[in-house]
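Below is one structure, written out as structure tokens; the observations come after it.
FYI, it's all coordinate maths here, none of it is from the lab. What you see is a predicted model, and the numbers here were worked out from it, not measured in a lab. Heads up, the Cβs are rebuilt from the backbone with ideal geometry, glycines too, and the neighbour counts pull from every protein chain shown.
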Amino acid sequence: MLAVIMVLAMVFDMADKLGEFIENDASAWEVIYNYYFNFILFYGNMFSSMIIFVSVIWFTAKMAQETEIIPIWNSGKPFARFVRPYMIAATILMLISLVMNHFIIPRSNKERLAFEEKYYRMTMSVVDYHAEFPGHQVVYFRSYTAETDLIYDLVVEQWDDENNLVSFVKAGTANNKRESNEWKLYNYYLREVGDTNDYIENGAELDTSFQFSIDEMATRENIAEAMTYFELKDFIERERKKGSSMVPMYEIELYQRTSYPFATYVLTIIGIAVASRKKRGGIGINIAIGLAIIFIYIFAMKVTTVSAMNLGFPTYLAVWVPNFLFGGVAYLLYRNAKR
């Protein structure tokens, strides 16, 4: 099932991006190893619970169509005994998915995202940035584009614990030395507030340093995908202190890494209950029912995550509510199947 779904995903993805790969001279080795190998790891693990669900339906429906389940019922074995091997397998796969989600996939994503930055993604830009960094340092800038690597209309304010302005720096343009806190300011204006007199300085260029870098301010929305559990926790805490509006999205990414694997249990029980009875339509009708349930699950997840992003719905509930709702459906279907 995994192979079939991933091959289809790769075909559609390549059809969309092949032109950019050729235009930007990406080698076949880079496309296959750096991108699609990590692509399969990421999306295969992300949708593992749903792939397991389809697999359970196909396997169980095939048993039911060939009347292999009826002798099990007639032997007097309880339904729970029939379900046990499914749940053991689901537990093993869930634990593997948890470890991969939190520690292995993020490292794999670093290679995939680096490839996309080099060969596929359009130039990144940020406008109207505003954040407060630890130490009462407030930063504004009008715009930034990765193509020029320049910030326009940068303002950095330093405040003390009593909320008094300590210093103020403004630059027409600014450039940050990559992977460092060293900055070069152009057409700058500097003011340091004193007890009796202020110190004021302006000029064409100024070499200085700040406690932040452009990598912290100009980030793509999917940057969290390349962070392990502990890295993402620290990143979320830092972004929360800065007052970033992206914190709910990062929290959703963190909580989904746990909720998606646990959905394996819920979807496995639903799959067994739906497919364990022989139907006139054969295996096809069971697979159709399974796909309909997957679409409803994905839709419910999207509704709750959008609510968390735009309406202030708690992020941990947003990612777990679909599991709880479908857990109730699984319980009802399980009880009905036992009869």
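Quick notes
- Only Lys, Arg, Asp and Glu carry charge here, each on its Cβ (+1 for the first two, -1 for the last two); on that basis the range 125-218 has a dipole of about 340 debye about its Cα centre.
- Comparing Val193, Val266, Tyr255 along the charge dipole axis of the chain, the residue lying farthest to the positive side is Val266, per the Cβ-charge model.
- Electrostatic tally near Pro134: other residues with Cβ closer than 15 Å to its Cβ, Lys and Arg +1, Asp and Glu -1, net -4.
- Between helix 283-310 and the chain: long-axis angle, C-alpha atoms, 0 to 90°, nearest 10: 30 degrees
- Here the contact order of the chain, divided by its residue count and restricted to Cα pairs under 8 Å and six or more residues apart, works out to 20 percent.
- When the pairs Lys241/Lys302; Lys184/Lys233; Lys279/Lys302; Lys170/Lys242; Lys278/Lys338; Lys62/Lys338 are compared against a 22 Å limit on Cα-Cα distance, Lys241/Lys302; Lys184/Lys233; Lys279/Lys302 fall above it.
- Legend: Rg and Dmax of the range 125-218, from Cα coordinates, 13.2, 44 Å.
- Size of charge dipole - the chain - debye, nearest 20, with Cβ of Lys, Arg +1 and Asp, Glu -1, no other charges: 3420 debye
- Per residue of the chain, the DSSP helices (runs of n ≥ 4 H) give a summed -39500 (n - 2.57) that works out to -18500 deg cm²/dmol at 222 nm.
- With a cut-off of 18 Å on the backbone N, the residues of the range 173-188 near the modelled label site 7 Å out from Glu205 along Cα-Cβ are 173-178, 182-188.
- Which labelled figure in (i) 5, 19, 24, 21, 14, 9, 5, 3, 1, 0; (ii) 6, 25, 29, 22, 13, 5, 0; (iii) 5, 25, 33, 23, 11, 3, 0 is P(r) over Cα pairs in 10 Å bins from 0, in percent, once derived from the coordinates: (i)
- Positive contributions from Lys and Arg (+1) and negative ones from Asp and Glu (-1), summed over other residues with Cβ under 14 Å from the Cβ of Lys279, come out at +3.
- Those GluC sites (Glu not before Pro) in the range 96-191 that DSSP places in a loop and that have at most 13 other beta carbons within 10 Å: Glu147, Glu162, Glu179
- Top positive-direction residue, dipole computed over the chain with Cβ charges, set Phe59, Asn175, Ile69: Ile69
- Taking the C-alpha atoms only, the angle from helix 315-338 to the longest principal axis of the chain is near 0 degrees.
- For Arg178, net neighbour charge (Lys/Arg +1, Asp/Glu -1) across residues whose Cβ lies under 11 Å away: -3
- Note on the chain: dipole from Cβ charges, positive end direction compared against Pro106, Met217, Ser125; the farthest Cα belongs to Pro106.
- Alpha carbon centroid spacing (whole Å) that separates the range 1-60 from the range 245-297: 19 Å
- Applying a DSSP loop filter and a limit of 12 other Cβ atoms within 10 Å to the GluC sites (Glu not before Pro) in the range 231-264 leaves nothing.
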